[in-house]
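Have a look at the structure below, then the notes.
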Amino acid sequence: MKFSAASLLILVAAAILAAIAVPISIYRSGSDAIPGWSAAVRPGPLSKAHAFLGDKCASCHTPNEGVTVDKCVACHVPAKELLSKPSTVFHANVTTCSGCHVEHQGRDKRPIKMDHAVLEKLAIRQAGKPVALDCKGCHVFKDKHQEFFGPKCATCHATDTWKIVGFLHPSPKSKECAQCHKPPPSHLMMHFEMMDRSITGQRNATVNQCFACHQTDSFNNIKGVGRVDMH
């Protein structure tokens, strides 16, 4: 089939117009301007929390920029509420949400991937020099050591896993428990004499003699008794 010069000129012109019109249409009207296109380019299903958005990509994505903070804040917690909690106050200075909140991983996947590296880069940018993360700034209510070791969590812990590689608990026969462990408030009151010692059968044990009653695998695992949940 042969085309005349005029026909070829018309086809070329139509192609050029389409190449210009489609991007302009998407930019002005959003992804909904071209029905069905998102199914061909979507990187994966949305999480259950965002499933209601369906094919409305423009609800989160901005042309030529991707996911921007203003799109996220439009639906999520206002900055003033983030600032009221020590564990979320760092959000006030974050310029991108997608560093930790990752979508399109599947309907049953929680769209949160905590990346301490993003926070570390933010801290360095703000300070203008290498700095260590202030762990206690976010984990202030989760100090299992009752401030026994101070606020410098990074002395023992890493950010990729909370477990301490190579750590071995002292022998169950060790009598130096009080070097690392603090007694709970109940042990410092009459509760210790009236309840705790009677449950364990160690009526002569003192508060600092943790080894007399407790196993090392779990603080609620009492020697000769088993697991005891007081509260």
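Put simply, when 164-177, 182-195 are sorted by average Cβ atoms within 10 angstrom per residue, most first, you get 182-195, 164-177. Between the range 175-231 and the range 154-171, the C-alpha centres lie 24 angstrom from each other.
Less than 10 Å Cβ to Cβ from Phe211, Lys/Arg counted +1 and Asp/Glu -1: what total charge do the surrounding residues give? Present the calculation step by step, with values, prior to reporting the outcome.
Values: positive: Lys173, Lys175, Lys223; negative: Glu176.
Once positives and negatives cancel, what remains is +2.
Every number here is computed from the coordinates shown, using simple stated rules; none is lab data. Just so we're clear, the structure is a prediction, and the values are computed from it rather than from any experiment. Note that each Cβ is placed from the backbone with ideal geometry, even for glycine, and that neighbours are counted across all protein chains shown.
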